[in-house]
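Report on the structure given below.
The values are calculated or read from the model by the stated rules, or taken from the named source; none is laboratory data. Note that the structure is a prediction, hence the values are computed from the model and not measured. Don't worry about glycine lacking a Cβ; one is built from the backbone with ideal geometry, like all the others, and counts go over all protein chains shown. Remember, those area values only see protein heavy atoms, side chains included, never the ligands or the DNA or RNA. Shrake-Rupley method; radii C 1.70, N 1.55, O 1.52, S 1.80 Å.
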Amino acid sequence: MADYSEFILTEIDKVGEIDTLSFARKINVDHQKIVGAVKSLQTHSDVIEVKQVQGTSLQLTEEGARVAENGSYEALVFKAVPENGITQAELMKSVPNAKIGVGKAIQAGWIEIDKSTGSEPRVLRKVDCIEDNVQQCLLKIKDLALDGVTDATKAEYKKRKLIVEVKETSFKVRKGPNFSLTVAKPEVDLTPQMIQNGTWKTKQFKPYNFDAMGVAPECGHLHPLLKVRTQYRQIFLEMGFAEMPTNNFIESSFWNFDALFVPQKHPARDAQDTFFISDPQNASAFPMEYLEKVRKVHAEGDFCSRGYMYDWKMEEAEKNVLRTHTTAVSARMLYKLAQQRPFKPVKYFSIDRVFRNENLDATHLAEFHQIEGVVADYGLTLGNLMGVINEFFKKLGITKLRFKPAYNPYTEPSMEIFSFHEGLNKWVEVGNSGMFRPEMLLPMGLPEDVSVIAWGLSLERPTMIKYKINNIRDLIGPKVNLQMVYDNPICRLDK
């Protein structure tokens with residue numbers, strides 16, 4: 001069978017349509033060879049018509065293959081029981097997987113355990129002969145003869161890990177408009193030899209399409225998150241926000257925690273929640289006057305606050321970490337703003353990666369993108385914060401929002417933001433928000449009547465809501481299907 005194309009064409013001419021998988025099994029040939037022959041026939045214009053079909057089939061597991069060859073565990077147990085019986089201990093030693101086999105054999109009514117002798121329990125036969133239906137069904141499944149194999153039987157064998165269901169791709173092939181039992185490969189070039197000997201007159205040439213655009217060059221493709229990020233960035237710019245620089249993934253604990261009024265004993269600063277850097281382990285060159293004010297408000301209290309009243313340590317503030325939030329960048333920008341006179345209201349935003357020592361699940365990764373918005377102005381209230389957040393999410397096309405009171409060390413009051421997730425069919429947290437505390441703002445040197453509202457959310461969760469993805473690992477990380485990146489359309493949010 002050197003040329004399977006002829007066999008395919010002959011079979012199509014006889015029956016009208018074939019399934020490549022069934023045909024491969026019929027002539028006992030590797031399915032991929034039949035697929036290759038079909039692909040070759042497709043190069044001939046309209047000789048055949050091909051449709052891809054997705055299906056499933058049952059296959060024996062390694063354990064199922066052993067059972068099909070040697071018999072089921074319950075049948076082996078029955079055969080190991082002599083007419084006068086056997087002790088349960090001896091039976092367990094003589095038959096592999098005897099525990100499963102004894103249970104199944106008792107359930108089938110083939111054997112019984114006699115405990116009336118007073119000594120060791122004995123296993124006795126209840127019937128003279130048996131029929132090993134498990135082995136017979138597995139042999140049918142192996143030979144793809146599923147007649148008489150019920151859905152309940154399949155479900156039971158799957159539970160026993162004797163069979164598995166595998167996905168299969170095949171092709172339905174039928175006659176095309178130019179169907180023929182013999183095909184000749186059309187010529188693509190007119191050679192000097194054809195002109196000299198005149199053979200070009202009898203040759204069939206492949207038609208040229210002079211309107212074709214040609215083969216598209218290979219190029220990269222933007223990940224969906226980058227497309228969505230572009231849209232979010234545009235929304236911030238439309239709302240009058242300026243982008244903050246976020247090119248420092250490594251932050252000192254001072255800017256990441258202390259400047260935000262997070263106490264040095266806070267659980268978020270433990271190794272279970274934060275990635276610490278070993279080289280370089282510590283940071284230096286802090287604004288010492290500002291650092292002293294931060295130390296004082298933590299350890300002794302200041303600006304009408306009692307602080308935390310603990311022994312604040314410089315060595316803790318010096319530790320380098322992978323930043324756990326982009327709020328560390330906001331702290332730097334607000335400190336820089338406080339040094340400018342006179343004070344001018346600002347609106348900042350950032351979108352970049354942050355790192356947390358999280359347990360991975362459907363909605364959490366150790367590395368993700370944080371979107372952050374910050375507004376500093378006179379007389380801002382919680383109502384301003386809720387209004388800005390609603391307007392921001394409205395531009396994302398997300399209107400189902402809920403707010404829940406929460407606690408943050410550096411904001412008071414604080415609110416968690418929830419949105420309804422169509423993919424998970426439940427409300428999920430998409431962000432956090434609040435008004436920065438005076439203990440954070442006043443040591444920077446900002447005027448007392450200036451308030452700062454802020455909110456943060458992950459880039460991944462709103463993207464999952466928009467695309468109805470229920471597992472974050474299908475969106476970003478090593479398990480992402482690259483074909484999804486290739487096929488994903490340009491992001492358009494419902495603004």
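Looking at Ile100 and the list (1) in contact with a strand residue (DSSP E or B) (Cβ under 8 Å, 6 or more places away or on another chain); (2) open to solvent by 50 Å² or more (accessible area, probe 1.4 Å); (3) among the hydrophobic types (A, V, I, L, M, F, W, C), which single condition is not satisfied?
Among (1) in contact with a strand residue (DSSP E or B) (Cβ under 8 Å, 6 or more places away or on another chain); (2) open to solvent by 50 Å² or more (accessible area, probe 1.4 Å); (3) among the hydrophobic types (A, V, I, L, M, F, W, C), the lone unmet condition for Ile100 is (1).
A quick yes/no check of all residues on (1) polar (S, T, N, Q); (2) in contact with a helix residue (DSSP H, G or I) (Cβ under 8 Å, 6 or more places away or on another chain); (3) open to solvent by 40 Å² or more (accessible area, probe 1.4 Å); (4) outside any strand (DSSP E or B):
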{"site": "Pro443", "(1), (2), (3), (4)": "no, yes, no, yes"}
{"site": "Glu448", "(1), (2), (3), (4)": "no, yes, yes, yes"}
{"site": "Trp455", "(1), (2), (3), (4)": "no, yes, no, no"}
{"site": "Lys466", "(1), (2), (3), (4)": "no, yes, yes, yes"}
{"site": "Asn470", "(1), (2), (3), (4)": "yes, yes, yes, yes"}
{"site": "Arg473", "(1), (2), (3), (4)": "no, no, yes, yes"}
{"site": "Gly477", "(1), (2), (3), (4)": "no, no, yes, yes"}
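Condition check: open to solvent by less than 50 Å² (accessible area, probe 1.4 Å) and under 21 Å from Gly445 (Cβ atoms). Does His266 satisfy that?
no
Would you point out which residue out of Lys33, Lys14, Lys51 is of a type in the set (D, E, K, R), open to solvent by 30 Å² or more (accessible area, probe 1.4 Å) and in a strand (DSSP E or B)?
Testing whether each residue is of a type in the set (D, E, K, R), open to solvent by 30 Å² or more (accessible area, probe 1.4 Å) and in a strand (DSSP E or B) leaves just Lys51.
Within region 150-200, track down each residue that is among the basic types (Lys, Arg) and out of contact with any helix residue (DSSP H, G or I) (no Cβ under 7 Å at 6 or more places or on another chain).
Within region 150-200, Lys154, Lys158, Lys159, Arg160, Lys167, Lys172, Lys185 qualify.
All but one of (1) aliphatic (A, V, I, L, M); (2) out of contact with any helix residue (DSSP H, G or I) (no Cβ under 7 Å at 6 or more places or on another chain); (3) crowded, with 17+ Cβ neighbours inside 10 Å; (4) over 26 Å from Gln231 (Cβ atoms) hold for Ala406; state the number of the condition that does not hold.
Going through (1) aliphatic (A, V, I, L, M); (2) out of contact with any helix residue (DSSP H, G or I) (no Cβ under 7 Å at 6 or more places or on another chain); (3) crowded, with 17+ Cβ neighbours inside 10 Å; (4) over 26 Å from Gln231 (Cβ atoms) one by one, Ala406 breaks only (3).
With open to solvent by less than 10 Å² (accessible area, probe 1.4 Å), among the basic types (Lys, Arg) and within 28 Å of Ala366 (Cα to Cα) as the only criterion, which of Arg323, Arg332 stands out?
Only one candidate passes the filter, namely Arg323.
Might you let me know whether region 36-47 holds any residue that is more than 35 Å from the chain's Cα centre (by Cα), open to solvent by 50 Å² or more (accessible area, probe 1.4 Å) and within 30 Å of Arg160 (Cβ to Cβ)?
No, the conditions are met nowhere in region 36-47.
With region 136-239 as the region, which helices (runs of 4 or more DSSP H) entirely inside it contain at least 1 residues that are basic (Lys, Arg) and open to solvent by 60 Å² or more (accessible area, probe 1.4 Å)?
Correct list: 151-159, 224-238.
Residues of region 242-288 being among the acidic types (Asp, Glu), farther than 23 Å from His369 by Cβ and assigned to a loop (DSSP other than H, G, I, E, B), which ones?
Result: Asp270, Asp279.
Mind checking which residues of region 388-431 are assigned to a strand (DSSP E or B), out of contact with any Asp or Glu (no Cβ under 6 Å at 6 or more places or on another chain) and basic (Lys, Arg)?
The answer is Arg402, Lys426.
Which of (1) over 30 Å from the mean Cα position of the chain (by Cα); (2) part of a loop (DSSP other than H, G, I, E, B); (3) in contact (Cβ under 8 Å) with a residue 40 or more places away in the chain does Gly301 not meet, given it meets every other one?
Status for Gly301: all satisfied but (3).
Counting only residues that are open to solvent by 10 Å² or more (accessible area, probe 1.4 Å), outside any strand (DSSP E or B), closer than 23 Å to Leu442 by Cβ and among the aliphatic types (A, V, I, L, M), how many does region 369-387 have?
2
Given the residues Glu120, Glu112, which is the only one that is open to solvent by 60 Å² or more (accessible area, probe 1.4 Å) and either modelled with pLDDT of 85 or more or in a helix (DSSP H, G or I) (or both)?
Only one candidate qualifies: Glu112.
Between a first residue in region 46-66 that is at positive phi and without any contact (Cβ under 8 Å) to a residue 24 or more places away in the chain and a second residue that is open to solvent by less than 30 Å² (accessible area, probe 1.4 Å) and of a type in the set (S, T, N, Q), which pairs have beta carbons less than 8 Å apart while being 6 or more apart in sequence or on different chains?
none
Which residue pairs have Cβ atoms under 9 Å apart, sit 6 or more places apart or on different chains, and have a first residue in region 114-133 that is under 17 Å from Ser72 (Cβ atoms) and a second that is of a type in the set (Ser, Thr, Tyr)?
What qualifies is Val123/Thr87; Asp132/Ser72; Asn133/Ser72; Asn133/Thr153.
Only one of (1) on the phi < 0 side of the Ramachandran plot; (2) surrounded by 15 or more Cβ atoms within 10 Å (Cβ to Cβ); (3) touching a helix residue (DSSP H, G or I) at 6+ places or on another chain (Cβ under 6 Å) fails for Ala75. Which number is that?
(3)
For region 78-97, enumerate the residues that are open to solvent by less than 40 Å² (accessible area, probe 1.4 Å) and either under 26 Å from Asn133 (Cβ atoms) or under 47 Å from the mean Cα position of the chain (by Cα) (or both).
Hits for region 78-97 are Phe78, Ala80, Val81, Gly85, Ile86, Leu91, Val95.
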